[in-house]
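Engineer: Take a look at this one; I'll ask things after.
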Amino acid sequence: MYRSLLLACVVVLGLFLSGCSVLRISTAEGDSKPVAVGIDDGSEAETSQESETPAIPSGMSQVTPDLGPECPIKVQLAMDRRWNDDLAYDSYQLYSRDNGAIITVNCYEAGDDTAQSVVASTQKQTFGESGSSILEEKTGTVSGGEYWTVHGLLAGEEVRAIDKTDSVLFGAVAGIADNGRLYKVSVEMVTIASDETTADLFAQMLPTVSFADQLLETPAFS
């Protein structure tokens with residue numbers, strides 16, 4: 001029941017953030033693909049951006065979440081096949097594991113004036129409760145915008161915390177302009193604070209996140 005309640009809460013949060021009303025539920029049957037993430041088998045001939053190609057950890061594959069036609073920003077990250085692609089709709093993708101850990105990917109037009117304000121507002125909102133803290137972080141620029149990568153502790157009261165329990169978050173957020181419009185793009189990986197195995201996995205995955213084919217500098221995770 002706990003996992004069902006968690007997914008229901010994530011759905012409501014995702015709808016609020018993206019403003020979308022049409023769900024695209026991803027299943028393993030019918031017209032949907034077994035894993036609706038566009039696994040990159042490395043067969044593409046284009047190799048001109050070698051410096052922008054992340055080192056994929058052993059046992060993982062680079063995936064491209066399907067964020068629908070409203071998101072012009074390509075998002076990629078590496079993950080293994082043990083993640084369930086539970087839910088997808090335009091601008092949003094949720095992955096989960098049976099232990100309660102989740103990965104959310106968002107991309108939607110931002111109401112902020114600048115890329116810097118997208119990052120600043122996210123920094124303020126993500127760790128807003130007493131007991132939450134940023135452990136390590138990096139900021140930088142990408143073509144068309146600015147990004148923030150972070151490793152932090154979420155108090156149980158935070159909306160992103162798992163089952164109202166102290167949790168750890170590994171995340172990447174950017175404000176990126178495309179064709180005159182500003183978009184907020186994010187990848188957030190969250191698990192309970194005592195789940196060191198998944199936290200170590202997230203530390204390997206975060207450096208593989210790219211927005212619009214651009215890798216992001218991440219903390220050293222000391």
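Engineer: Fully extended, how many nm does the chain gain between S143 and D178 (0.36 nm per residue separation, minus their Cα-Cα distance)?
Structural biologist: On the way: separation 35, 0.36 × 35 = 12.60 nm, distance 0.97 nm.
Extra length available between S143 and D178 comes to 11.6 nm.
Engineer: Å³ per residue of the Cα convex hull, for region 64-222?
Structural biologist: Values: hull volume 16.5 nm³, N = 159.
Taking the convex hull of the Cα positions in region 64-222, it is 104 Å³ per residue.
Engineer: Ok, one more. For the ranges 90-98, 123-131, what's the packing order if you count other beta-carbon atoms within 10 Å of each residue, average per peptide, and put the highest first? Working shown, then result.
Structural biologist: On the way: 90-98: 20.6, 123-131: 13.7.
Highest mean packing first, the order is 90-98, 123-131.
Engineer: Next question. Give me the distance in nm between label points sitting 7 Å out from Cα along the Cα-to-Cβ direction at V159 and A55, one decimal.
Structural biologist: Result: 3.7 nm between the two label points.
Engineer: Using a 1.4 angstrom probe on heavy atoms only, work out the carbon and sulfur share of the accessible area of region 132-202 in %. Before the final figure, lay out the partial values.
Structural biologist: On the way: 1230 of 2860 Å².
Summing carbon and sulfur atoms, their accessible area is 43 percent of the total for region 132-202.
Engineer: Stretched out fully, how many nm does the piece from D200 to D113 gain, at 0.36 nm a residue minus the Cα gap? Could you put the intermediate results ahead of the total?
Structural biologist: On the way: separation 87, 0.36 × 87 = 31.32 nm, distance 3.56 nm.
27.8 nm is the gain from fully extending D200 to D113.
Engineer: Run the numbers for I134 and N84: contour at 0.36 nm per residue of separation, minus the present Cα-Cα distance, in nm. Walk me through the numbers on the way to the answer.
Structural biologist: Values: separation 50, 0.36 × 50 = 18.00 nm, distance 2.78 nm.
Full extension from I134 to N84 adds 15.2 nm.
The values are calculated or read from the model by the stated rules, or taken from the named source; none is laboratory data. None of these values were measured; they are calculated from a predicted model. Cβ sites come from the backbone with ideal geometry, for glycine too, and all protein chains shown count toward neighbours. The accessibility values were calculated without ligands, DNA or RNA, using every heavy atom of the protein model including side chains. Shrake-Rupley method; radii C 1.70, N 1.55, O 1.52, S 1.80 Å.
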